[in-house]
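Every number here is computed from the coordinates shown, using simple stated rules; none is lab data. Because the structure is a prediction, the values reported are computed rather than measured. Quick reminder, even Gly has a Cβ in these numbers, built from the backbone with ideal geometry, and neighbours come from all protein chains shown.
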2 protein chains.
Amino acid sequence: MPESWATFGLDLHLDRTGSRVRAGLENTLREAVRTGRLVPGLLLPSSRALAADLGIARNTVADAYGQLVAEGWLTAERGSGTRVADRAAAVQAATATAVQPSGRPRYDLRPGSPDTSAFPRQAWLAAARRALTAAPAEALGYSDPRGRPELRQALAGYLARARGVQVTPDRIVVCAGFTQGLGLLCQTLRNRGATTLAVEALGLAAHRDVAAASGLTIATVPVDSHGAVVSQLGNAGAVLLTPAHQFPTGAALAPQRRSHVVDWAADSGGLVIEDDYDGEFRYDRQPVGALQALAPGHVVYGGTASKSLAPGLGLGWLVVPAKLVDDVIAVKARTDRGTSGIDQVTLAEFISSGGYDRQVRRTRLAYRRRRDRLVAALREHSPALPVSGITAGLHLLLQLPAGQTEQGIIARAAARGLALEGLAPYNATPDPQPPALVVGYGTPPEHALTGAIARLTAVLAPDR
Amino acid sequence: MPESWATFGLDLHLDRTGSRVRAGLENTLREAVRTGRLVPGLLLPSSRALAADLGIARNTVADAYGQLVAEGWLTAERGSGTRVADRAAAVQAATATAVQPSGRPRYDLRPGSPDTSAFPRQAWLAAARRALTAAPAEALGYSDPRGRPELRQALAGYLARARGVQVTPDRIVVCAGFTQGLGLLCQTLRNRGATTLAVEALGLAAHRDVAAASGLTIATVPVDSHGAVVSQLGNAGAVLLTPAHQFPTGAALAPQRRSHVVDWAADSGGLVIEDDYDGEFRYDRQPVGALQALAPGHVVYGGTASKSLAPGLGLGWLVVPAKLVDDVIAVKARTDRGTSGIDQVTLAEFISSGGYDRQVRRTRLAYRRRRDRLVAALREHSPALPVSGITAGLHLLLQLPAGQTEQGIIARAAARGLALEGLAPYNATPDPQPPALVVGYGTPPEHALTGAIARLTAVLAPDR
């Protein structure tokens, strides 16, 4: 039963029942300091006096004071008693600034993120519990810069069967998503004397920024409906490709180009970096196997959990040719001292227990249904607009009608609460591309998809 | 009840009872493929035939085949039936290489890691469950490169009261441990035209490597029993310090030097990077508050969960002067696309619910007892050897007797299963230091501490 007590000039309410007297006293005092009811510098009664006031054991008060001193709310100086710390005022100031939530559009058809509301929270938590209960203490220590052995073992099996990657666990480097992995590779290339990275002429600007920040010069290879035109690689020392599903056009690299690019690498000593960001999501036939399998000594395979599970995990992986492994892990060790061990052992358990496959299969079906709805709506409302890149992934490319600009459509959509993205930001060259939208259907939660598609079709055909 | 069935030439055991027929069939087939009992290329019976054989519904077999095709174990081509995928052989090869466990010494008194067996696994998992249940879906998306708002809010309050940091949430950048944070700062300095980073003449070689990899030249300032001799900073553009507990000597930066270095920064426009790696662990009086509070516009405060919780979390934080925040987050966004959102919301919940304070207080008491035991043993067995740096942290400095070398002691200890580390690896200068050991008492699990201390004292006094 809470009891009101008036001591050192304040009415405080303290639940004294049960065994949680100390915790109750601690919480009461902490809140009083945190909210400013007990002001900085205030002298508290001695533990003996307060204990007598409250009719509780003196040690209980002393323990509570001790905890709050340890937490920095109170100070105790020999001879001057226990006081409210001056820092308490700073805490009030520090936390008074509310963090502004980022303004999020109501509807979002921009590419790049899966539906984070589909993340299997309960299954993940269950895997975390199993993994963390079983993990050795060293899993919580500074890790091997390659990543946890459990995860590399689980990934090796998964990548071999699901993506056809030629892999053993000692060739895998776990990293904080593919962006970090690309950075590690660019720095490795730079350290080995490379000066240039070729990229697809249409691709993520962020990847070009990573390469440039590592000191590499960017060259481009054109992209057409068969993927990157790899016959134009010339003497680039390395190339970054999205062979399974070109980002953002959605083309799969044609078979003869797959052969060509690995021949180029073998002949020139160049390195191919295969960004397999959404290789799990192919809808209309077997997934295209990893390019890496054609030439494991010349291709780095890069994968990520950002599309298959969630970007917020921040987990990716590289499968690195044997001759580069030591260089890459040396760079990783200088970049951070390891990616979260808890998340790594959890993902290992999630893969080994079949949870990862179940999630991929479930979301693949869901995304395929989304694609079908989006394509059907576009064919119905804007039958003249070419749609491409639909056999895989979480986005498609939509050519805009003559006379429309990307910016015009994007602005009209924004006025209806729909966020869209054009093709222009992906263009690595000064040459303009015909106007198009890169429409991502992965991002909206299920309940928002219908509204998002309706707004898109309305914006594309405003006069109907 | 498991039933033995002989079909396509193999005896397979299938549990057909209950509602889990499909799962049982899937598991049976998956294991048979994984272990090589069903060989790559093998044609499986049609779903109709197998269903008839087993007396189960055809859809059950078709669903199981579909799942295994999706997982890559089987392939299904129209017209040629369902076969065991060729990749199955690659999976066997990929996972045949067992990951070698790293050889770990039986006893470990090297510095740098806390006792990872003291990590509060159950409390952490409970916080993860609360946090992940409550988190918005966007916590699983690509995050603000500053880090999750919940965590920055919780850290602002904690750092203000526990470490006296002058902080608001918008000045915090969450990073993958302090090593990454230092890298972000070095690249920011480099981008702004700095050429040199001053470091303490005794310090972590890994930190010097990070700075050098960013293109900065390393200068050194001497270290004595009052910490870094900051009067010798001269015109260095920035300095990395460990003011609360110099690593590895254990000295606290003297008050007049604290004032001097912030004056230096204000006068010269230089930047101080405060590495507060173990500021929570001070035993004999109130923790020394953060240097940053003296000059928040000139000092970056860097903290980490690697000592207070576990290195394997890979979570650290910077509190950055307002004028540098945008530059630092731009570098962070190019380094990775965010540190694990799940770990971030979990840590926020762990701090807000008081779990972090409880863990710090519990481990502070435990480490203090360890220190007392270690110091008492050294005073008893090697009373002539000076011990210093004992008021805080997880390590102390032990001067070696005349005539002993670090390497000699380390080798003798290794022969008894005890890993030790000397001072020499921390020396950033060409000038030799008197031989000493940096003895870390944080690493061993509780049950191994007695044995570790006994071996240390035996090695130090081998002839007694």
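Structure above, values below:
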read-out	value
For the A-to-B rotation axis, chain A residue with nearest beta carbon and its distance in angstrom	A:Ser340, 2
Rounded, prolate or oblate (a/c below 1.5 giving rounded, otherwise prolate when a/b exceeds b/c) for the range A:400-464 by Cα gyration tensor	oblate
Length-normalised contact order for chain A - Cα pairs under 8 Å, 6+ apart - percent	19 percent
Average beta carbon contacts from partner chains per residue of B:350-358, 10 Å cutoff	2
Cα-centre dipole for the range A:358-460 with unit charges at Cβ (Lys and Arg positive, Asp and Glu negative), debye to 20	680 debye
Above-threshold pairs, the threshold being 28 Å between Cα atoms, out of A:Lys307/B:Lys307; A:Lys307/B:Lys323; B:Lys307/B:Lys332	A:Lys307/B:Lys307; A:Lys307/B:Lys323
Estimated vicinal HN-Hα couplings, Hz - the range B:133-145 in sequence order (Karplus 6.51, -1.76, 1.60; Gly, Pro = x)	5, 8, 5, x, 4, 5, 5, 9, x, 4, 9, 3, x
Karplus-derived 3J(HN,Hα), 6.51/-1.76/1.60, for each residue of the range A:388-401, Hz, glycine and proline x	9, x, 9, 7, 7, x, 10, 8, 9, 9, 10, 6, 8, x
Unit Cα scatterers, Debye sum, the range B:121-353: log10 I(q)/I(0) for q = 0.11, 0.14, 0.16 Å⁻¹	-0.52, -0.85, -1.10
Surface/4 estimate of mean projected area, convex hull on alpha-carbon atoms of the protein assembly as shown, nm²	44.8 nm²
Among B:142-152, B:63-73, B:257-267, A:291-301, the order from most to least packed when residues are scored by Cβ within 10 Å on average	B:142-152, A:291-301, B:63-73, B:257-267
Listed residue (B:Thr220, B:Leu182, B:Gly141) projecting farthest to the positive dipole end of the range B:121-353, Cβ model	B:Gly141
Other-chain or far-sequence residues with amide H under 5 Å of A:His395's (modelled H)	A:Tyr441
Charge dipole (debye, nearest 20) of the protein assembly as shown; +1 at Cβ of Lys and Arg, -1 at Cβ of Asp and Glu	1440 debye
Structure-based [θ]222 nm, chain A - -39500 (n - 2.57) summed over DSSP H runs of at least 4, per residue, nearest 500	-13000 deg cm²/dmol
Cut-off under 5 Å, modelled amide H: who pairs with A:Ile273 long-range	A:Val239, A:Leu240, A:Leu241, A:Val300
A:Thr450/A:Ala415 FRET efficiency (R0 30 Å; Cβ-Cβ; nearest 0.05)	0.95
Nonlocal amide H pairs with A:Val165, under 5 Å, H built at 1.01 Å	A:Ala160, A:Ala290
Ascending list, in nanometres, of distances separating the B:Asn27 label from those of the other copies (7 Å, Cα toward Cβ)	4.3
Total charge dipole magnitude, chain A, about the Cα centre, Cβ charges on Lys, Arg, Asp, Glu only, Debye to nearest 20	740 debye
Surrounding net charge for A:Gln433, when Lys and Arg each add one and Asp and Glu each subtract one, Cβ distance under 12 Å	-3
Vicinal HN-Hα couplings computed from phi for the range B:354-360 (Karplus, 6.51 cos²θ - 1.76 cosθ + 1.60; Hz; Gly/Pro x)	x, x, 5, 4, 4, 5, 4
For the range A:333-464, projected area of the alpha-carbon convex hull averaged over all directions, nm²	11.8 nm²
Cα-based convex hull, chain B, per residue volume (Å³, whole number)	204 Å³
At 7 Å out from Cα toward Cβ: A:Arg192 inter-copy label distances (nm, ascending)	3.5
Signed unit charges on C-beta, dipole axis of the range A:268-388, positive-most listed residue A:Val325, A:Gln292, A:Ser388	A:Ser388
Residue-averaged beta-carbon neighbours from other chains (10 angstrom radius) around A:150-160	4
Net charge contributed by nearby residues that have their C-beta within less than 11 Å of A:Ala90 (K/R +1, D/E -1)	+2
Point-to-point label distance, B:Ala49-B:Ala458, nm (Cα→Cβ direction, 7 Å offset)	6.9 nm
Partner chain coverage, peptide A:174-181 - average Cβ within 10 angstrom	4
DSSP bridge orientation in the protein assembly as shown - percent antiparallel, rounded to nearest 5	65 percent
